[in-house]
Amino acid sequence: MSKPLTVSIPHRLGKAEAMRRLKTGLSSAQTDYKNFFTVQEETWEGDTLTFRLSALGQAASGVIDVREDHVQLEVQLPWLLHRIAEKAQSVIQARGKVLLENKK
């Protein structure tokens, strides 16, 4: 297993609003990208989401921590998915920033 992929996305929303937007965004992503991945398990405990998913026939698992000023994503990927995710890391971070922008 390769090292975890970690993405940190800063925000100025506060924890509650960031969690609300994240939950909405994750639900949309599951619908928008259902041909690419399937969420097997999703468990919220306080401000932390633990998940398992499959993509391209490979299993992955991770944690998303929602903090007052940033969201931290850490996902453990098999080698094949890790190679793809490394290339997509900037896209993941950019989409997260859009989701967590301080819009009025």
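Of all residues in segment 89-98, those being out of contact with any strand residue (DSSP E or B) (no Cβ under 8 Å at 6 or more places or on another chain) and surrounded by 14 or more Cβ atoms within 10 Å (Cβ to Cβ) number 1. The combined condition, being over 21 Å from GLN76 (Cα atoms) and out of contact with any Leu (no Cβ under 9 Å at 6 or more places or on another chain), is not fulfilled by THR24. Every listed requirement among (1) over 12 Å from the mean Cα position of the chain (by Cα); (2) under 21 Å from SER2 (Cβ atoms); (3) surrounded by 15 or more Cβ atoms within 10 Å (Cβ to Cβ) is met by ALA85 save one, (1).
Pairs are defined by a Cβ separation below 6 Å, a sequence spacing of at least 6 or placement on different chains, a first member in segment 46-58 that is more than 18 Å from ASP32 (Cβ to Cβ) and surrounded by 13 or more Cβ atoms within 10 Å (Cβ to Cβ), and a second member that is among the polar types (S, T, N, Q) and modelled with pLDDT of 90 or more; the pairs so defined are THR50/THR43; ARG52/GLN40; ARG52/SER61. Restricting attention to segment 67-104, the residues that are more than 26 Å from GLU45 (Cα to Cα) and of a type in the set (Lys, Arg) total 4.
State whether the residues of segment 53-61 include one that is on the phi < 0 side of the Ramachandran plot, in contact with a Pro (Cβ under 9 Å, 6 or more places away or on another chain) and modelled with pLDDT of 90 or more. Yes, the conditions are met somewhere in segment 53-61. For segment 1-36, the set of residues classified as hydroxyl-bearing (Ser, Thr, Tyr) and more than 19 Å from ALA85 (Cβ to Cβ) consists of THR24, SER27, SER28, THR31, listed by residue number. Being part of a helix (DSSP H, G or I), in contact (Cβ under 8 Å) with a residue 24 or more places away in the chain and either in contact with a strand residue (DSSP E or B) (Cβ under 6 Å, 6 or more places away or on another chain) or surrounded by 12 or more Cβ atoms within 10 Å (Cβ to Cβ) (or both) holds for only one residue in LEU80, LEU73, LEU13, and it is LEU80. Residues in segment 37-57 that are of a type outside the set (Ser, Thr, Tyr), out of contact with any Gly (no Cβ under 9 Å at 6 or more places or on another chain) and either more than 17 Å from LEU80 (Cβ to Cβ) or part of a helix (DSSP H, G or I) (or both): 8 in all.
The values are calculated or read from the model by the stated rules, or taken from the named source; none is laboratory data. Computed from a prediction, not measured in an experiment: that's the story for all the values here. Cβ atoms come from the backbone with ideal geometry, glycine included; neighbour counts cover every protein chain shown.
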